[in-house]
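See structure below.
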Amino acid sequence: MTTTTIDKDKQESIRQWSEDPCGLVGANGLEVGTKEFYERINQNRYDEYAPWLKKVVNFSRFNKKKVLEVGFGMGTDLMQFAEAGAEVWGIDLSPVHKEISEKRFALYNKTANLQLADAENMPFPDNTFDAVYSFGVIHHTPNTEKAAKEIHRVLKPGGKAIIGLYHKNSAYYYFVLMAKYILLFRFLRESYRRTLSRIEYREHSEACPLVKLYTESSMRTLLKDFSHIDISIHHIEKNHFGVIKSIISDDIAKKFENKLGWYVMAECTK
């Protein structure tokens with residue numbers, strides 16, 4: 001892959017999440033930067049979209065620890081670490097994400113060290129952080145392997161990395177994305193990359209961000225530098241079963257979550 005291609009991929013990510021910030025759809029049109037806005041974003045994330053996330057990450061265990069989030073978005077998860085007593089840093093490619101997150105931390109009188117920086121080339125010394133967290137981010141960067149190595153590099157020995165990526169062996173991939181790509185003949189009018197990019201919400205942008213998907217096996221390969229890796233699968237809705245969703249209840253869908261969920265989560269020890 002050429003440098004020009006890599007730069008273009010990252011520019012598409014910047015375009016995507018500057019024009020449609022990650023999670024903004026959950027705000028229901030509230031004014032950006034207000035307390036009502038951030039409270040609504042929290043409600044959407046932890047009560048509606050991913051009610052499993054707080055339990056899996058367990059933000060409170062990093063009290064008095066140095067935590068880095070790679071791809072902090074609107075600062076929603078990073079604030080959870082800060083409110084639990086962690087000293088927090090964050091990097092992101094989008095200047096709009098940085099602006100929204102800075103307003104959040106200022107509004108709640110919390111400190112965060114936020115930078116515009118690249119996951120593949122982090123501006124931190126070796127062995128800096130007790131924990132590195134990245135949810136739904138490094139599958140968008142061209143050299144995900146390098147990003148994983150950077151996460152490993154900046155962690156202290158014994159430190160924890162918590163990483164969430166899109167799961168290829170998921171109901172959503174097979175019953176929604178691929179069903180539309182094949183059964184609706186989408187492959188005749190658009191690329192596979194463009195179809196995958198539709199995963200990301202867009203209202204104001206026609207960006208085509210890079211999207212990769214991982215199996216449990218490929219996730220372990222990606223994170224092979226770590227001494228210990230625990231992997232779990234999360235996040236499923238009956239809508240993820242596409243054309244057969246009408247015959248599947250929420251309870252039945254949940255039974256498949258640990259196999260066919262949309263996120264593959266890894267907790268790793270350096």
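The values are calculated or read from the model by the stated rules, or taken from the named source; none is laboratory data. Computed from a prediction, not measured in an experiment: that's the story for all the values here. Cβ sites come from the backbone with ideal geometry, for glycine too, and all protein chains shown count toward neighbours. Note: areas computed on protein heavy atoms with side chains; ligands, DNA, RNA excluded. Shrake-Rupley method; radii C 1.70, N 1.55, O 1.52, S 1.80 Å.
For labels at Ser217 and Leu184 in the simple 7 Å Cα→Cβ model, what's the distance in nm?
3.0 nm
Ranking request for peptides 52-59, 85-92: highest mean number of other beta-carbon atoms within 10 Å first, then the rest in descending order. Please list the in-between numbers first.
Details: 52-59: 16.2, 85-92: 23.2.
In descending order of packing, they fall as 85-92, 52-59.
Tell me whether region 63-132 comes out rounded, prolate or oblate; compute the Cα gyration tensor, take square roots of the eigenvalues as a ≥ b ≥ c, and use a/c under 1.5 as the rounded threshold. Please report the intermediate quantities before stating the final value.
Values: a/c = 2.20, a/b = 1.07, b/c = 2.05.
Here region 63-132 falls in the oblate category.
Label points 7 Å out from Cα along the Cβ direction at Asn58 and Lys146: separation in nm?
3.4 nm
Which FRET efficiency, nearest 0.05, do Glu99 and Lys8 yield, Cβ-Cβ r, R0 30 Å? Intermediate results must be reported in sequence, preceding the final value.
Details: r = 24 Å, r/R0 = 0.80.
Result of the calculation: an efficiency of 0.80.
With a 1.4 Å probe and every protein chain kept in, tell me what percent of the accessible surface of region 119-161 is carbon plus sulfur.
Numbers: 730 of 1410 Å².
It is 52 percent, rounded to a whole number.
List every residue whose amide H lies under 5 Å from the amide H of Leu114, counting only residues 5 or more places away in sequence or on a different chain, with H placed 1.01 Å from N in the peptide plane.
So Leu114 has HN proximity to Gly90.
Using only the alpha carbons of region 112-157, determine the length spanned along each of the three principal axes and report them from longest to shortest in whole angstroms.
25, 23, 17
With the other protein chains left in place, how much accessible area per residue, in square angstrom, belongs to the chain at a 1.4 angstrom probe? Please list the in-between numbers first.
Working: 12830 Å² over 270 residues.
Solvent-accessible surface per residue comes out at 48 Å².
Please state the Cα pair-distance histogram of region 1-148 with 5 angstrom bins from zero: what percent is in each bin?
2, 9, 19, 22, 22, 15, 7, 3, 1
So the label point goes 7 Å from the Cα of Thr195 along Cα→C-beta, right? Which residues of region 224-263 then have their backbone N under 15 Å from it?
Residues 242-243 qualify, since their backbone N sits under 15 Å from the label point.
Per residue of region 62-71, in order, report the coupling 6.51 cos²θ - 1.76 cosθ + 1.60 (Karplus, θ = phi - 60°) as ³J(HN,Hα) in whole Hz, putting x for Gly and Pro.
So the Karplus estimates, Gly and Pro as x, are 9, 3, 6, 9, 8, 10, 10, 9, 9, x Hz.
Pairs Lys110/Lys259; Lys8/Lys66; Lys55/Lys270; Lys160/Lys212; Lys54/Lys110: which exceed 28 Å Cα-Cα? Intermediate values should be presented prior to the final figure.
On the way: Lys110/Lys259 38 Å; Lys8/Lys66 32 Å; Lys55/Lys270 22 Å; Lys160/Lys212 23 Å; Lys54/Lys110 20 Å.
From the list (Lys110/Lys259; Lys8/Lys66; Lys55/Lys270; Lys160/Lys212; Lys54/Lys110), the Cα-Cα distance tops 28 Å for Lys110/Lys259; Lys8/Lys66.
Read phi for every residue in region 28-37 and hand back ³J(HN,Hα) as whole Hz from Karplus 6.51 cos²θ - 1.76 cosθ + 1.60, θ = phi - 60°, with x for Gly and Pro.
Those phi angles translate into 6, x, 5, 5, 4, x, 8, 4, 4, 4 Hz.
Order of 195-202, 126-133 by packing, highest average Cβ count within 10 Å first?
Numbers: 195-202: 17.1, 126-133: 19.6.
Packing proxy ranking, top to bottom: 126-133, 195-202.
Write down the percent of antiparallel bridges among all DSSP beta bridges whose residues are both part of the chain, to the nearest 5.
Working: 15 of 35 bridges.
DSSP beta bridges in the chain are roughly 45 percent antiparallel.
List, in order, the whole-Hz ³J(HN,Hα) value for each residue of region 8-25 obtained from phi through the Karplus relation with A = 6.51, B = -1.76, C = 1.60 and θ = phi - 60°; use x for Gly and Pro.
5, 4, 5, 5, 5, 5, 4, 4, 4, 8, 8, 8, 9, x, 4, x, 4, 4
Please give the peptides 28-37, 68-77, 219-228 ranked by average Cβ packing (other Cβ atoms within 10 Å per residue), highest first, as a rough proxy for protection. Can you show the working numbers first?
Details: 28-37: 13.4, 68-77: 26.7, 219-228: 15.9.
Descending packing order for the listed peptides: 68-77, 219-228, 28-37.
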